[in-house]
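Below is one structure, written out as structure tokens, with a few remarks after it.
The values are calculated or read from the model by the stated rules, or taken from the named source; none is laboratory data. These figures come from a predicted structure and were not determined experimentally. All Cβ positions, glycine included, derive from the backbone under ideal geometry; neighbour counts span all protein chains shown. SASA here: full protein model, heavy atoms, side chains in, ligands and nucleic acids out. Shrake-Rupley method; radii C 1.70, N 1.55, O 1.52, S 1.80 Å.
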Amino acid sequence: MHINIAPSQSPSIFSFTLPSYRNTYPSPMSEILSDKKVFTLLEVTKSIQKTLTERYKSSYWIKAEMNKLNFYSHSGHCYPELVEKVNGKVIAQIKCNLWKDDYRNIDNNFLKILKEPLKDGIKILFLARISFDPSHGLALQIIDIDPAYTLGDLEKEKQDTIKRMIEEGIFNRNKTLQIPLLPQRIAIISVETSKGYADFLGVLQTNSWNYHFFHLLFPSLLQGEKAVDSIIRQLKRIEKVRSHFDVVAIIRGGGGDVGLSCYNNYELAKAIALFPIPVITGIGHATNETVVEMISFSNAITPSKIAEYLLQAFHNFSVPVQKAREIITDKSRRLLSDEKTKFQSELKLFQSVTENIIIHQRNQIREQVYSLARQSLFLFKNEKEYLGNLKEDMKKNTSSFLSFVKQEIRRLTMNLKKDAFIQITTGKLMLENLEKNISNMSPQNVLKRGYSITLLNGKAVKSFENVKANDPLETIVFDGKIHSIVKSSQKPE
């Protein structure tokens, strides 16, 4: 069995091989069953415990990766799972014990030096004793952890992230975007109850220039091991509605420098670098700039400064506009004054010219009126004579026309009387003939001429097929009725 350990007396780390101690310590008690030497499990585990206790009396410095801390809040103890990996493959792993008081001291030391708590996924150099318990098995009891070693590893992660983004050509991608002239619509990634978020809104909403902003909060964790996934998830939500926003602001404040290592994470930095609209950050009072701050479009050490950055963008637009307004106002006044003077001169000239034109036109109109009056009198006289002649002609023509019409009416009246008499006489003859025909065709006259009507059950018999033998028939003649019984009926040859 090979492990990388170092005695606590020496800061260096070295490797060594454990020798076999098969015959060094007394063997466990045993019994003989069917000629077999048998040990109980407890005997074997106690023997192992004794061997390890006597062999590993010192504590050792060991380096490994904290796969999972396994902190239990009700007891305050931790049961870390440590691993060693090569090319991503686990080649060694072991369970550990980290008691409450030791954990508290170590975590406080990490917060003081690394600005990060003890957490999953970090590489550590720790001081531990090897222990074995028959009930719980083999474990390492962690006594202390050196934060300086982890600090170097975190710095390495940061440099690796920077190097990878530069190699992929995305380190300055977000910085190359064009921020709107007035970044008024802001998507905010923050914690609703954080002081930094409140400070940011306070600066925006109480600005003395009355600049107005639209902002919408996308709540997210901002520190700790879950912050990376939480922030990336909110960035994806914002990207779906990016047309409604000008800029994304990641606002964190009130937490000091603790928990900033997540902002060196490659996946988070990449998501921000490739985001389609500018991302600005106000992560907090960090003395050491994180990768996210380096690659974002703009960053400030506090949320208030980020708010001031947005106000300054408005101010940069407002001040030139105000100066331009003053220049335009001044030039407008002078231009209006010059134009007013020019207009007054033109007005005087216009009045003089128009007076001359009006006088000239007035004389021409007077002459036209006189000429029109003379022509009108001449025309009226001619028309009056023409109308007189026309009146005489109409009288003559009307008398002749009325005489002709009277004669024509007299002729039409005589013709109408003749035609009416002829029509009445002809109609009278036609009615007399029709009356004779109707009289001849009446049933009584038909019966007088020798015809009869044969009835069967009150209905006229129209065919020999309507009757059969022994049917009673009633025959109507001119002067009475005849009742008979059918003997037979047949169609004539």
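What to note about this one:
- Residues within region 37-67 that are farther than 23 Å from residue 148 by Cβ, charged (D, E, K, R) and in contact (Cβ under 8 Å) with a residue 12 or more places away in the chain, tallied: 5
- Residue in region 147-167 that is farthest from residue 80 (Cα to Cα), counting only those that are open to solvent by 50 Å² or more (accessible area, probe 1.4 Å) and in contact (Cβ under 8 Å) with a residue 24 or more places away in the chain: 164
- Residue within region 397-419 that is closer than 21 Å to residue 476 by Cβ, among the charged types (D, E, K, R) and open to solvent by 100 Å² or more (accessible area, probe 1.4 Å) present: no
- Residues that are under 28 Å from residue 198 (Cα atoms) and either open to solvent by 90 Å² or more (accessible area, probe 1.4 Å) or part of a loop (DSSP other than H, G, I, E, B) (or both) within region 299-336 comprise 301, 302, 305, 316, listed in sequence order.
- Any helices (runs of 4 or more DSSP H) falling wholly within region 173-282 and containing at least 1 residues that are open to solvent by less than 10 Å² (accessible area, probe 1.4 Å), under 20 Å from residue 317 (Cβ atoms) and touching a helix residue (DSSP H, G or I) at 6+ places or on another chain (Cβ under 9 Å): 195-205
- You will find that of 72, 103, the residue that is under 18 Å from residue 143 (Cβ atoms) and of a type in the set (Ser, Thr, Tyr) is 103 and no other.
- 3 or more residues modelled with pLDDT under 50 and within 60 Å of the chain's Cα centre (by Cα): qualifying strands (runs of 3 or more DSSP E) within region 1-74: 2-7
- Test: residue in region 330-337 that is hydrophobic (A, V, I, L, M, F, W, C) and touching a residue at least 24 places away in the same chain (Cβ under 8 Å): no
- Cβ-Cβ under 6 Å pairs, at least 6 apart or on other chains, region 480-493 side within 23 Å of residue 447 (Cα to Cα) and touching a residue at least 12 places away in the same chain (Cβ under 8 Å), far side of a type in the set (Asp, Glu) and open to solvent by less than 100 Å² (accessible area, probe 1.4 Å): 486/471
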